[in-house]
1. Could you check, for the range 102-115, whether at least one of its residues is in contact with a Cys (Cβ under 7 Å, 6 or more places away or on another chain) and of a type outside the set (A, V, I, L, M)?
2. Could you grab me the full set of residues in the range 74-90 that are out of contact with any strand residue (DSSP E or B) (no Cβ under 7 Å at 6 or more places or on another chain) and either under 14 Å from residue 210 (Cα atoms) or surrounded by 20 or more Cβ atoms within 10 Å (Cβ to Cβ) (or both)?
3. Would you check which residues across the range 94-120 are surrounded by 24 or more Cβ atoms within 10 Å (Cβ to Cβ) and farther than 19 Å from residue 173 by Cβ and list them?
4. For the range 208-226, what are the residues that are open to solvent by less than 20 Å² (accessible area, probe 1.4 Å), assigned to a strand (DSSP E or B) and not aliphatic (A, V, I, L, M)?
5. Show the residue pairs meeting these rules: Cβ distance below 6 Å; 6+ apart or different chains; first residue within the range 199-227 and closer than 20 Å to residue 140 by Cβ; second residue part of a loop (DSSP other than H, G, I, E, B) and open to solvent by 20 Å² or more (accessible area, probe 1.4 Å).
6. Kindly evaluate residue 64 against the criterion of being in contact with a strand residue (DSSP E or B) (Cβ under 8 Å, 6 or more places away or on another chain) and closer than 24 Å to residue 176 by Cα.
Amino acid sequence: MAEEAKKLAACAAVDNHVQNNQVVGVGSGSTIVYAVDRLAERVRQEKLNIVCVPTSFQARQLILQHGLTLSDLDRHPELDVAIDGADEVDVDLTLIKGGGGCLTQEKIVAGCAKHFVVIADFRKDSKALGQQWKKGVPIEVIPMAYLPVSRTIARRFGGEANLRMAVSKAGPVVTDNSNFILDWKFEHAQNWKEVNTAIKMIPGVVETGLFVGMAERAYFGMEDGSVQVRDPPVI
């Protein structure tokens, strides 16, 4: 059911936001697989001229496997739209991303796009961050700084920030940028904009998995086969 919901959200986003002659940022994760499937289908059927910029090695492979045009931010520093998944989305469209470890590139690509759209299944929809996603906020760090950064975060913001360990390899997870990831399990709701800025200022932090004020729309595939659309609240 979750897989079908991912597919529904992905197709809705691609159909509503991708047009001919666009540069499209392609996110990472399991839901994006369906978005790239749909994108490739539309490119073939409608003879669209689309250029794709990946957010990870996984996204790059997906683009190539589907025979889509691959580019990068050197050649296309401005994107028309970026489509990506999320680990959790709250009522304000604040996101936690980085469960798959690609948060830094994902944030860079999203930041280069005129429009940033999120696709997810019903399990990612939360009133407040931490309700559904229990693994914490991913934070990419320079390897030599992981312990001081971890201690600083715990001291200043509570909870604990643990080094993410690899599953099929001995030792820590290493990102596409050759860095480590801390997963910060926070204890209570925070002012995410302030916390995001404060954590980024800690020496050794590369990027956080908090995406604040970036997404302009989220598509949720629901259990009943519908797609729910959420826009940010009007301030």
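1. First pass over the range 102-115, keeping only residues in contact with a Cys (Cβ under 7 Å, 6 or more places away or on another chain): none.
Scanning the range 102-115 turns up no residue that is in contact with a Cys (Cβ under 7 Å, 6 or more places away or on another chain) and of a type outside the set (A, V, I, L, M).
2. Result: 90, single match.
3. 95, 109, 110, 116, 117, 118, 119, 120
4. Of the range 208-226, the ones open to solvent by less than 20 Å² (accessible area, probe 1.4 Å) are 208-211, 215, 218-221.
Among the residues that remain, those that are also assigned to a strand (DSSP E or B) are: 208, 210-211, 218-221.
Selection gives 208, 211, 219, 220, 221.
5. Once the first residue is closer than 20 Å to residue 140 by Cβ and sits in the range 199-227, its partners that are part of a loop (DSSP other than H, G, I, E, B) and open to solvent by 20 Å² or more (accessible area, probe 1.4 Å) give 204/142.
6. On the way: in contact with a strand residue (DSSP E or B) (Cβ under 8 Å, 6 or more places away or on another chain): yes; closer than 24 Å to residue 176 by Cα: yes.
Yes.
Okay, residues lined up against (1) touching a strand residue (DSSP E or B) at 6+ places or on another chain (Cβ under 9 Å); (2) assigned by the TED database to the domain that holds residue 104; (3) within 21 Å of residue 120 (Cα to Cα):
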{"position": "23", "(1), (2), (3)": "yes, yes, no"}
{"position": "34", "(1), (2), (3)": "yes, yes, yes"}
{"position": "46", "(1), (2), (3)": "no, yes, no"}
{"position": "53", "(1), (2), (3)": "yes, yes, yes"}
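Let's see how each residue does on (1) touching a residue at least 24 places away in the same chain (Cβ under 8 Å); (2) assigned to a loop (DSSP other than H, G, I, E, B); (3) farther than 16 Å from residue 210 by Cα:
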{"site": "132", "(1), (2), (3)": "yes, yes, no"}
{"site": "146", "(1), (2), (3)": "yes, no, yes"}
{"site": "153", "(1), (2), (3)": "yes, no, no"}
{"site": "156", "(1), (2), (3)": "yes, no, yes"}
{"site": "170", "(1), (2), (3)": "no, yes, yes"}
{"site": "175", "(1), (2), (3)": "yes, yes, yes"}
{"site": "184", "(1), (2), (3)": "yes, no, no"}
{"site": "190", "(1), (2), (3)": "yes, yes, no"}
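The values are calculated or read from the model by the stated rules, or taken from the named source; none is laboratory data. These figures come from a predicted structure and were not determined experimentally. Backbone-built Cβ (ideal geometry, glycine too); neighbour counts: all protein chains shown. The accessibility values were calculated without ligands, DNA or RNA, using every heavy atom of the protein model including side chains. Shrake-Rupley method; radii C 1.70, N 1.55, O 1.52, S 1.80 Å.
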